[in-house]
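The structure appears right after this line, and notes come after that.
Where a number appears in this text, it was derived from the coordinates with a stated rule and is not lab data. Being a predicted model, the structure only gives us computed values, none of them experimental. We place every Cβ from the backbone using ideal geometry, glycine too, and count neighbours over all the protein chains shown.
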Amino acid sequence: MMPRMSPKTAVRQWRAHLETDIDRMRGFPKLRRQFHEACGYMLNLEDPKTFSEKLQWRKVYDRNPLFPVLLDKVRMPEWARSVLPASDHRYLPEFLQIADDASQIDFAAFCRSGAEM
């Protein structure tokens, strides 16, 4: 079961979506600037040629609903359990805790579980 999202996290996600929508309307200036700083040449989303440009194009325009699930540390194992046979579930990570905020983490639980700190 997914943990409930705190109101603070919900507002943070809503704000990030709003900023992304505004960035999209402006033609992705932040992404273009970051790409230029990292790669040394301007990003061409209209006709991507290089592998790096094609990755950026896919991040911006490919809306496959599976991508966010696969990139989420919590939801990916749940999805994998629904797809993989039961014999392969042992390879998936088990979580000691899931927290929205660092203040919610019970560090003593790590010691009780036998995990090294």
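Per-structure values
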| quantity | calculated |
| --- | --- |
| When the convex hull of its Cα atoms is projected in every direction, mean area for the chain (nm²) | 11.1 nm² |
| Summed side-chain charge close to S82 - residues other than S82 whose Cβ falls under 15 Å, Lys, Arg +1, Asp, Glu -1 | -1 |
| Principal-axis tilt of helix 7-26 within the chain, Cα atoms, nearest 10 degrees | 20 degrees |
| Share of alpha-carbon pairs per 5 Å distance bin for region 70-113, given as whole % | 5, 18, 23, 19, 16, 13, 6, 0 |
| Euclidean distance of C-alpha centroids, region 55-114 and region 1-42, integer Å | 21 Å |
| Mean projection area, nm², convex hull over Cα of region 7-62 | 4.4 nm² |
| Using θ = phi - 60° and Karplus 6.51 cos²θ - 1.76 cosθ + 1.60, couplings along region 87-99 (whole Hz; Gly, Pro as x) | 5, 9, 5, 5, 7, 7, x, 9, 9, 6, 8, 10, 9 |
| Relative contact order for the chain, counting Cα pairs under 8 Å that sit 6 or more residues apart, in percent | 16 percent |
